[in-house]
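To start, the structure under review is shown below, and the notes come after it.
The values are calculated or read from the model by the stated rules, or taken from the named source; none is laboratory data. Values in this document were obtained by computation on a predicted structure and should not be read as measured data. Cβ placement follows ideal geometry from the backbone for every residue including glycine, while neighbour counts extend to all protein chains displayed.
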Amino acid sequence: MQDQAVREDQLLAPADVATNPYIPNLSTIAHVDLDTSEYMIIDLYEVRDDSKKGTVPFFSQLRIHGPQGEIVRVWGHFDDGAMIDAMSSEMYQKVGHRLAPLRTSNRKLRMANGSLVTPQGQWEGHIELGGIQVEASFEVFDSGGGWDFLFGKRLMKLFNVTHDYTNDIVQIRKGERWATLNNQFHIMNKTTPPINLPAPETTLIEESGDSHDKSPTREVQNQVTPGNAPADNTPKPDVVLEEPTITPVCIITDIPGPEEQSTDHEAGELPTEELKNKPDIYTRKTDPFKPERVNEILSLVQIGMDLDEEQKASVQQLITEYADIFALSVSEVTTVEGAVHKLHIDKDAKFSTKVYQKPTTPPQKKYLHESIDAMLSAGIIEQCNPSEVKCVSPTTLAQKAHQGLGLSLEELQYRVNEECVLHGIEPYFSSLPPRSTEPQNNEDATPADPKWRICQNFAQINKVTQIAPMPQGDIRAKQQRLSGHRW
């Protein structure tokens, strides 16, 4: 029977019910069959809703430390309903060779369909998030393509995670150190949109029996805070902890590049150039020696034509051996470990927050928008709430010179040799390829799409802070001293 609920301090007297035409007589309400009523059914674990702006899961990049100083970067899916932390078997196949060997796990996991899954093993070591490092462990098992790394309750406890759902940020703390993380879901979504899947149910079952002897762990610089030590594997009676987890599909991609760097005191150029649309070769962080990636590097590195075949082969072998130091895009440029840039600004300093942006032409606007998207995807810049903006400065677009118009390098070398012969000097360049018969006419060349350098004006900040010294010396003099030398 459906009744009308009212507040206790607003109970209706019988006279009110009889005289008020807008209040139904509850005694005359017919029986309602609840099975025939219409309800909106909402999937609580589907990453979308009917509005244009739905909720999304929280993702951030983790740094897992290997035994020889290796750094493995993976996307962590934050789920406070997950009773364990885990890496998918598929991801472990890609990065496992850079991590410490797995230990035997004494756990079994019960999936939503009731099946029991035995983990491939358990990993122990150091995990870093937002510059804070802890000693932790995680299970490795087949996620069915649902996620790469599940950041569950145990890691959240170690990092003292606080999730601000209003601003969609996560704060982590260890001792006196703390950091704020923004949701990187949209950075991932730029290259790999998530796929909605039903939420499986995860159950943790501790198996009784002798636990595997733990190998000694490495010393941690920053010790884990008391009470937050990783769980041990001592035998326990069977216990079932049932809580659902959300598992959207995500594929690891390459992100965070360098921080913005200023090239002078007034404006800093932002790196925006991306390679051709070949996302499958941006694997510096996961597989730097991938054959497709190495071949792309070899095709981009220009080797002098004055080298013989043996010398060229030696150079190519050297490039192949050190392919991991090359970055094919801004998303593959890594930051300097331990380098921190702090702005010492007086708390009473005032900055302009009004936008005085010079109008841009349609080609400039197109280039700027594409560059912003590229920098967002690479993690060089990030979105923020307008209320967090403290200083606004205009962006300047400086068109790049040498847009492909002009003579080729080989043609210039031929012309230098011609001038040498004309003045009775031995030709300077040798072993040149056959001269091209195509006309070298600048006016007939088709102009390439214009490109600009994106420069940000930091004058307001530089006036109130200390500018780091740049003791590079006389660049022109150094270039002159290097001129003419080969090696």
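Computed values, structure above
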quantity	calculated
Contacts under 7 angstrom Cβ, first residue in the stretch 283-312 being without any contact (Cβ under 8 Å) to a residue 24 or more places away in the chain and more than 22 Å from Pro433 (Cα to Cα), partner of a type in the set (Ser, Thr, Tyr) and in a loop (DSSP other than H, G, I, E, B), 6 or more apart	Lys290/Thr283
Failed criterion for Ala374 (all others in (1) within 19 Å of Asn182 (Cβ to Cβ); (2) part of a helix (DSSP H, G or I); (3) modelled with pLDDT of 85 or more hold)	(3)
Positions within the stretch 302-316 being under 36 Å from the mean Cα position of the chain (by Cα) and either at pLDDT below 90 or at positive phi (or both), in sequence order	Gln302, Ile303
Qualifying residue in the stretch 396-404 (condition: under 27 Å from His186 (Cα atoms) and either under 26 Å from the mean Cα position of the chain (by Cα) or in contact (Cβ under 8 Å) with a residue 12 or more places away in the chain (or both))	yes
Leading residue by the ranking (modelled with the lowest pLDDT) among those in the stretch 405-442 that are of a type in the set (A, V, I, L, M) and either assigned by TED's automatic domain parsing to the domain that holds Asp308 or in a helix (DSSP H, G or I) (or both)	Leu409
Hey, Pro447 out of contact with any Pro (no Cβ under 7 Å at 6 or more places or on another chain) and modelled with pLDDT under 80 or not	yes
Residues of the stretch 325-345 classified as surrounded by fewer than 15 Cβ atoms within 10 Å (Cβ to Cβ) and at pLDDT 90 or above, total	1
The stretch 133-168, subset β-branched (Val, Ile, Thr) and modelled with pLDDT of 90 or more, residue farthest from Leu102 (Cα to Cα)	Thr162
